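A.B. asks: Structure provided below as structure tokens; questions to follow.
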Amino acid sequence: MKKFAILMCCMGNICRSPTAEGVLRAKLVAAGLDHLVDLDSAGTHEYHLGRAPDPRTQRHALRRGYDLSALRARKVGVPDFERFDLVLAMDRDNLAGLAALCPDAGDDKLRLLMSFATRHTVDEVPDPYYGEGDGFERVLDYVEDACDGIVDMVRRRLSANAA
């Protein structure tokens, strides 16, 4: 069976999208579903290519048990729209950038990450880069919520495919 492939996207791929990748990876492992999902993250800009996630991002994530140290920033490219089944943006600006990069990707493939959230009503994950610690904690709160929703979606897909 082909793995379901998910790409997390933000601007520079050093704060929000690697956080989402790390959180979802851990939640998929805990649910026993990690072998069924191909997961990655990328940025819509190439500001930080090859760099590890922001040290503040890593520090806050590690406090919650998510090790992001092995991740490296990369820029999203047109081939990603063929490789990934779901491309999730952290905010509307990045969603628009992704849609412009690959206009025929379609609404079924391009979505906001927070469309999967069940406990928070915000649409976007705010960029914590120029802020302080509270912003990084807020990102984790939102991302954990949305990733719980993604795990539920993966379970439902598996049930539907098995039926």
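Every number here is computed from the coordinates shown, using simple stated rules; none is lab data. Everything numeric here is computed off the predicted structure, so don't read it as measured data. In this analysis, Cβ positions are derived from the backbone assuming ideal geometry, glycine residues included, and neighbour counts consider all displayed protein chains.
A.B. asks: Hey, got a sec? Which GluC sites (Glu not before Pro) in the stretch 62-163 land in a DSSP loop and have at most 12 other Cβ atoms within 10 Å? Don't skip to the end; give the middle numbers.
C.D. replies: Details: sites: Glu82, Glu124, Glu132, Glu137, Glu144; in loops: Glu124, Glu132.
Those satisfying the criteria are Glu132.
A.B. asks: I've got another one for you. Label Thr118 and Ala5 with points 7 Å out from Cα along Cα→Cβ: what is the distance between them in nm?
C.D. replies: Once both label points are built, they end up 2.9 nm from each other.
A.B. asks: At q = 0.14, 0.18, 0.19 Å⁻¹, work out log10 I(q)/I(0) for the chain with the Debye formula, treating every Cα as an identical point scatterer and leaving solvent out; two decimals please.
C.D. replies: Log-scaled intensity ratios, in q order: -0.64, -1.10, -1.23.
A.B. asks: Okay, moving on. Which of the three applies to the stretch 17-73, rounded, prolate or oblate, going by the alpha-carbon gyration tensor with a ≥ b ≥ c and a/c under 1.5 meaning rounded? Don't skip to the answer; put the middle values down first.
C.D. replies: On the way: a/c = 2.89, a/b = 1.40, b/c = 2.07.
Oblate is the answer for the stretch 17-73, as a/c is 1.5 or above yet b/c matches or exceeds a/b.
A.B. asks: Cα to Cα, under 18 Å, and not fewer than 8 places away if on the same chain: which aspartates and glutamates meet these conditions relative to Lys3?
C.D. replies: Filter leaves Glu21, Asp34, Asp38, Asp40, Asp80, Glu82, Asp85, Asp108, Asp152.
A.B. asks: A further question on this structure: What is the distance, in nm, between label points placed 7 Å from the Cα along the Cα-to-Cβ direction at Tyr47 and at Arg83?
C.D. replies: Distance between label points: 2.3 nm.
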